[in-house]
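Coordinate-derived values only; no laboratory data. Everything numeric in this text was worked out from a predicted model, so none of it was measured. Glycine also receives a Cβ, built like all others from the backbone with ideal geometry; neighbour counts cover every protein chain displayed.
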Amino acid sequence: MMELAENPALANVKELILTGNQCADEGAEALANSPHLGNLEMLNLNHNDIGDEGAIAIANSENFPKLKSLSMFGNVIGDEGAKAFADSPQSKKFIKLDLYKNQVTGDGNKLITESEMLKNCEELEI
């Protein structure tokens with residue numbers, strides 16, 4: 001995933017689907033730190049064994065200025081990761097956020113559903 005994240009060819013990519021690559025937190029962090037994903041509008045990281053650290057990196061990354069749709073279905077994200085999305089100003093631009101089938105508890109669900117940062121989100125799956 002590090003090699004992919006460092007590839008300048010990603011500069012024109014609008015949709016990136018990386019389902020089932022088992023990239024874990026390290027892969028999510030590599031994407032979050034990539035300077036080449038400024039045009040990305042949709043990111044699918046379903047089933048990748050990503051936990052709180054990777055979710056926090058994605059939630060707080062300023063390298064996705066156009067990202068509107070994020071799917072992280074079926075990972076191992078817990079309440080800390082949910083809190084990162086609930087608190088991050090980057091979440092304001094999401095029209096879709098999918099955190100279904102993770103390890104978020106009722107506390108994390110409450111943070112997400114009551115978040116001012118996610119009030120514009122039209123499709124929320126937790």
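Please sort by residue number the trypsin sites (Lys or Arg not before Pro) in the range 18-126 whose DSSP state is loop and whose Cβ has at most 10 other Cβ atoms within 10 Å. Each step should come with its number before you reach the end.
Details: sites: Lys66, Lys68, Lys83, Lys92, Lys93, Lys96, Lys101, Lys110, Lys119; in loops: Lys66, Lys68, Lys101, Lys119.
Counting only loop positions with at most 10 other Cβ atoms within 10 Å, the trypsin sites (Lys or Arg not before Pro) in the range 18-126 are Lys119.
So, R0 is 25 Å and r is the distance between the beta-carbons of Asn21 and Asn109; what FRET efficiency does that work out to, to 0.05?
0.40
Which order results if Phe85, Phe73 are arranged by neighbouring Cβ count within 10 Å, fewest first?
Working: Phe85 30, Phe73 17.
In increasing order of surrounding Cβ atoms, one gets Phe73, Phe85.
Within the chain, which is the longest segment that contains none of the GluC sites (Glu not before Pro) sitting in a DSSP loop with at most 14 other Cβ atoms within 10 Å?
Numbers: sites that count: Glu6, Glu62, Glu114, Glu116, Glu122.
The answer is 7-61.
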Using alpha-carbon pairs under 8 Å, 6+ residues apart, how would you state the relative contact order of the range 2-125 in percent? 22
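Just the projected area, averaged over all directions, of the convex hull on the alpha carbon atoms of the range 2-125: how many nm²? Write out the running numbers ahead of the final one.
On the way: hull surface 24.1 nm².
Over every viewing direction, the Cα hull of the range 2-125 projects on average to 6.0 nm².
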If you place +1 on the Cβ of every Lys and Arg, -1 on the Cβ of every Asp and Glu, and leave all else neutral, what size is the dipole of the range 2-125 about its Cα centre, to the nearest 20 Debye? 500
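Quick one: net charge of Asp107's neighbours, Cβ under 12 Å, K/R +1, D/E -1? Write out the running numbers ahead of the final one.
Values: positive: Lys83, Lys110; negative: Asp79, Glu80, Glu114.
Summing Lys/Arg as +1 and Asp/Glu as -1 gives -1.
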Under a straight-distance cross-link criterion of Cα-Cα below 15 Å, which aspartates and glutamates are reachable from Lys93, leaving out those fewer than 8 residues away in the same chain? Glu41, Glu62, Glu116, Glu122, Glu123
